[in-house]
1. Hey, among Pro76, Pro131, which residue is surrounded by 10 or more Cβ atoms within 10 Å (Cβ to Cβ), outside any helix (DSSP H, G or I) and at pLDDT 75 or above?
2. Could you check, for the stretch 209-220, whether at least one of its residues is modelled with pLDDT of 90 or more and surrounded by fewer than 19 Cβ atoms within 10 Å (Cβ to Cβ)?
3. For the stretch 134-165, what are the residues that are open to solvent by less than 30 Å² (accessible area, probe 1.4 Å) and in a loop (DSSP other than H, G, I, E, B)?
4. Counting just the residues of the stretch 3-17 that are in a loop (DSSP other than H, G, I, E, B) and open to solvent by 90 Å² or more (accessible area, probe 1.4 Å), which one comes out modelled with the highest pLDDT?
5. How about the stretch 168-286: which helices (runs of 4 or more DSSP H) wholly inside it have at least 2 residues that are basic (Lys, Arg) and closer than 22 Å to Ala556 by Cα?
6. Tell me, please, whether a residue that is of a type in the set (A, V, I, L, M, F, W, C), within 25 Å of Tyr111 (Cβ to Cβ), in contact with a Gly (Cβ under 9 Å, 6 or more places away or on another chain) and in contact (Cβ under 8 Å) with a residue 24 or more places away in the chain can be found in the stretch 268-288.
7. Out of the residues in the stretch 551-580 meeting the condition of being open to solvent by 10 Å² or more (accessible area, probe 1.4 Å), at pLDDT 85 or above and not aliphatic (A, V, I, L, M), tell me which one is farthest from the chain's Cα centre (by Cα).
8. So for the stretch 279-291 (the condition being farther than 26 Å from Thr231 by Cβ, surrounded by 13 or more Cβ atoms within 10 Å (Cβ to Cβ) and of a type in the set (A, V, I, L, M)), does at least one residue qualify?
Amino acid sequence: MAYRGRPSTACERCRSRRMKCDHGVPSCTQCIRARVDCPGYRNALDLKFRDQSQEVIRHCRAPARKKRQGTSTDTPSRESTAAAATTIIPNGALVHSVQQNLARRYIFANYMTGGSRCGHMAYLLPLIEDPQNMAVNTALDAVALAAFSNIRLSPRTMLRAQREYTAVLSRTNRALRDPILCKTDDTLAAVVLLGIYEVIACTDNSYIDRWVQHVDGAAKLIEIRGQDQLTRRAGLEMFTHLRTQIILSRIFQERYISSALAHLNEQVQKYRNSEDKILDQLSSITIRLADFCADVKSKSIAKPSDIIRTALSIDADLVSLLISVPRPWSYISVQVPTVDGKYITKDVWGSHYHIYDSIAAASMWNNYRSARIVVQELIYDTLKYLEGSNRQHSSSSTNYPQQGDLAGQCRRTILQLADDICASVPFHFQLGANDDVFEDYLSGQPGASGDPASATTPLSFLATSSSPSTSPNLRNAAPSLDAEARPTSMLNSSGLTSSQYLSSHTPSPFEVVGAGGFTLMWPLLVAANSGVASGLRGWIITCLDKIGYSMGINQALAMAKLLREGLQSRAWLSPDYESPNHET
């Protein structure tokens, strides 16, 4: 008896036509659509084993029969040559299989499992475990092999990833032409992974165009799928993930959000628990921001006073939304202690860093900060335009103190928001990460007090709770914004001056655990490219390099190149911008 592996449980008609079967009873959907009687399903248990005794006997007797027929052994026969060739194929297949398994394990460990720090895409697991979902499994192989290739610097592996990418692209395009298959979770998950592949691979000058095309395609699919997708966990999670990407793309392209997506964003709150509705409320405001940016570009809102008034209204809504947040979405601020008047590590920008409950919480706060930076920049640029216009048209040296005060406030707010984005970096990079501190904080236990003796974070960091009811830019104890006093390297921990801190808690210089780098890239780019926070650029470039080389995400390296060249963020979405050539 031989085990034959997992057999197909599809009906006979679907198996013969190689179609996806939904195992409906009494008839599957494919047969209903074809208006034929469904032939039914086989018993999977009876198919797992079969008697191969006679087949084994026949194979064993075949060489003896050839020898009795007087086959010459001096000249290799056609059969022996083929047999010799077949001995090489399994070895190559084995190598590919090992690489594919290693690559998949990396993706699982960093994106789908491992708890709140790494499992923010865990909703894909049930879809991947279903062997019928060929598109999502092929897309996963493409993503995994691309990341594995970048980390191991293996061009051969990247070629395999590109072949898998081409295969899943063809399969997905066929599914998109089918009115039923285009609404399945498998198809949308494949589109999600195709977008991630473009971020990871980033292989030529047109990669950003392909990423935008995937985002636009995902937006269309979300609209076609309608409200029904929100009733399933996988559909709800994919909607949340893609909504962020779509809004981000629209803000930087200065394009309008479709009314269908805005309507779905309103309806999705019906399917959330009360603590998670803040995500949808934040998205409602950022959708307004995207439409506002499109209005400014199209001159629908052209008067400087109207631009400033609308921007201030959006900013006020953002601030008021996060004045009070549910505890799972709050964070604590950890002060970096000093030894002999010096910070004990150079891996933190400034005097503190943040600890969040999850990557999702950190991503929500950074999306909020990025949105506010865009709003503040619009106000600041408009004020600068007014200042230049006043000088040009005014014969006397007229003074406008309110404009100067508002411009100064914008600068301070942008600096504080950029500083807070940088304070989230250690959490994404696993520096000083200790979930017990956050759990103590949420439960009101004494583990997160201001007493250094009670702090339980690595390096004995002093944990001081940052009030969840206080917006980051409104904290009284804001760290110094003096750029000259800031460290410029996060890859060198030589600043540790006391032996009590030199322990196994100090991370490897290139240790980026989890998918934190994936969600951190855009906020870092926004922070570095804010016009008044130029002192951050060198430190953020180093962070992006670390994400690119440690996690195999080439888009992070392209962003670092963008900052080195001094281009503006909106040039990132321009087809004229060229991606870096990576030597592999």
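1. Result: Pro131 is the single residue among Pro76, Pro131 that is surrounded by 10 or more Cβ atoms within 10 Å (Cβ to Cβ), outside any helix (DSSP H, G or I) and at pLDDT 75 or above.
2. Checked the stretch 209-220: at least one residue is modelled with pLDDT of 90 or more and surrounded by fewer than 19 Cβ atoms within 10 Å (Cβ to Cβ).
3. Ser154
4. Looking at the filtered set, the residue picked out is Arg6.
5. Details: elements: 185-201, 207-225, 233-253, 259-267.
So the answer is 233-253.
6. no
7. It comes out as Arg564.
8. Within the stretch 279-291, the first condition is being farther than 26 Å from Thr231 by Cβ, and the residues that meet it are 288-291.
In the following step, the residues that additionally are surrounded by 13 or more Cβ atoms within 10 Å (Cβ to Cβ) were identified as 288-291.
Then drop every residue that is not of a type in the set (A, V, I, L, M), which leaves 289-290.
Yes: one or more hits.
The values are calculated or read from the model by the stated rules, or taken from the named source; none is laboratory data. Just so you know, these numbers come straight off a predicted model, no measurement behind them. So basically every Cβ, Gly included, is an ideal-geometry build from the backbone, and we count neighbours across all protein chains shown. Just so you know, the surface numbers come from the protein's heavy atoms only, side chains and all, with ligands and any DNA or RNA stripped out. Shrake-Rupley method; radii C 1.70, N 1.55, O 1.52, S 1.80 Å.
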